[in-house]
Each structure stands twice: as structure tokens, then as C-alpha cells.
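The values are calculated or read from the model by the stated rules, or taken from the named source; none is laboratory data. Keep in mind that what you see is a predicted model, and the values were worked out from it rather than measured. Because the Cβ atoms are built from the backbone with ideal geometry, glycine has one as well, and the counts that use them run over all protein chains shown.
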Amino acid sequence: MLALVMMLMVLALAGAGMMFVGVRGLLTRRVTVYSGKWLLALVAICFLPQFMNGLKLLGQVPSLAVINLIMYPGLVLVFWFITKGYIFFGVSEELVNDALKSAFGRMGLKHEQLLGSVKLEDGGIFQISIQDWVGTMQLKPKNPAAKARTKELVAALSEHFSASTAGIRFLPYWIYTFCGGLLLATLLFMSLLVLNSLGRKAPPPAEQLKEAVTAAPPGRGASL
């Protein structure tokens, strides 16, 4: 029962989170930005049932339980490295280039744009990963000098993107809306199944005996 409750909670949180990202982008029709910590939290929640299942199997199948318990923190650690920084939705390579020039101009910093990164005059280096076809970008500080300027850069980029809706990529918003809606629909379907199964409780013993006598052949019914 606990595993089922955990699964329903995961579906609810993951579906609501994805729907929020998708619907917000479609309604605002602008580039949106999120800290990678939110994505890490979503991943941790999605794999939480596996961890709980590992705890449940400790007394039954210790070897399988240990595998599940080790995999969970391992996955969270991997995604902690992957999701560092900030993620932008609805961007294109052209939009990002213009936004970086505008943001660094406002910050009064000279920069050099390299392949997959940006180097600042103070030695700070940002990793820029653009998935142009799907409309997302990840911004990661690669050293302490960049980390100190991350919030300022993200604020400047957000201000630039909020001023214009031209060239926005809506594909990531549609993908997140569809996936979130699918998860919430699955949640609704599973909840209805659970409620239906709970509604089918076994009748009391007296009613069971009465039903058995009613359904029995005439001869057996008379003997009873």
C-alpha cells in the first residue's frame, strides 16, 4: 500500500511540475528560466519509489534491496552534476547569442565566446549548452569567478528575454505540457482503479451465507 501511495505522489508531483513549466511558457509566450535544483528535486522524487522498494526488500531479498538502495543515491549524485546551473526554455542559438551580448553589455564585462562556453575578462568561464532543435539552454559556472557572477548574469538574461517575444521556441513547452498531462491522466486512472477496488469490499459473513444459500441448488438449500 505504501508503494502505491508513493507512486501516486510521484505522478502527482511530476505531472504538476511539468504542466507548470509547459503551461507557464505557453501563457507568457516568453523564455523562462529555472534553477537546476528544481530538476534535481524532480528526478529525486521520480526515483524515490525505487528507494522505498529497496527498503521493503531488505528482509526478503537483501541482494536486490542493496542494489536499489545503492542506485538511488548514485542516480541523484549523477544528476546533481548534470543539473548544475540554470536551464532556459524556449530559446534558440540566435536568441542566446543576442542575449549574452546584451547581458554582458549591461554588466560592463568584456567576454569571449568560445565553442560551448563564454570566457569573461576577469577569468570567469561559463559553460553554455544549447539544444537548438528542442529550444533549451543550460548555463553552468565553471570556476569561482563565474559562480560569483551567475545570479547577476541570469538576472540580466531574464531581463533581456522578458522584453521580447520574437523567435521564441514553443516546442519545449508543448512537450512538457503533453508529458505533464499524460502523467496526471495516469494518476487519475490509477486513483479511480484504487477507489473502485476499495469499494468492492467483501460482504459480512452473514451476507455471504445468505448469498450462498440463495445461489445453492434447491436440494442443497432445503438441507441447509
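Points worth noting:
- Matching entry among PHE161, PHE126 (being surrounded by 19 or more Cβ atoms within 10 Å (Cβ to Cβ) and in contact with a Pro (Cβ under 7 Å, 6 or more places away or on another chain)): PHE126
- Residue check for ALA166: out of contact with any Gly (no Cβ under 7 Å at 6 or more places or on another chain), closer than 24 Å to ARG29 by Cβ, of a type in the set (Gly, Ala, Ser) and at pLDDT below 90: yes
- The number of residues in the range 91-110 that are more than 15 Å from VAL154 (Cβ to Cβ) and not in a helix (DSSP H, G or I) comes to 3.
- Among the residues making up the range 1-33, those that are outside any helix (DSSP H, G or I) and either surrounded by 14 or more Cβ atoms within 10 Å (Cβ to Cβ) or in contact with a Pro (Cβ under 7 Å, 6 or more places away or on another chain) (or both) are ARG30, VAL31, THR32, VAL33.
- Among (1) within 27 Å of ALA99 (Cα to Cα); (2) under 15 Å from the mean Cα position of the chain (by Cα); (3) at pLDDT 90 or above, the one test that ALA16 misses: (1)
- Summed over the range 165-204, residues that are in contact (Cβ under 8 Å) with a residue 60 or more places away in the chain and assigned to a loop (DSSP other than H, G, I, E, B) total 5.
- Residue list for the range 34-51, restricted to those being touching a residue at least 12 places away in the same chain (Cβ under 8 Å), out of contact with any Gly (no Cβ under 8 Å at 6 or more places or on another chain) and assigned to a helix (DSSP H, G or I): LYS37, LEU39, LEU40, VAL43, ALA44, ILE45, CYS46, LEU48, PRO49, GLN50, PHE51
- From the options GLN127, GLN113, residue that is more than 26 Å from the chain's Cα centre (by Cα) and not hydrophobic (A, V, I, L, M, F, W, C): GLN113
- Filtered residues of the range 57-101 (kept if surrounded by 13 or more Cβ atoms within 10 Å (Cβ to Cβ), polar (S, T, N, Q) and without any contact (Cβ under 8 Å) to a residue 40 or more places away in the chain): ASN68, ASN97
- Verdict on GLY54 being touching a residue at least 60 places away in the same chain (Cβ under 8 Å) and surrounded by 15 or more Cβ atoms within 10 Å (Cβ to Cβ): no
- The range 166-202 - residue that is closer than 19 Å to LYS101 by Cβ and more than 23 Å from the chain's Cα centre (by Cα) and, of those, surrounded by the most Cβ atoms within 10 Å (Cβ to Cβ): GLY167
- So PHE104, is it hydrophobic (A, V, I, L, M, F, W, C), surrounded by 14 or more Cβ atoms within 10 Å (Cβ to Cβ) and touching a Lys or Arg at 6+ places or on another chain (Cβ under 8 Å): yes
- Taking the range 41-98 as the range and being within 17 Å of the chain's Cα centre (by Cα) and hydroxyl-bearing (Ser, Thr, Tyr) as the test, the residues that pass are TYR72, THR83, TYR86.
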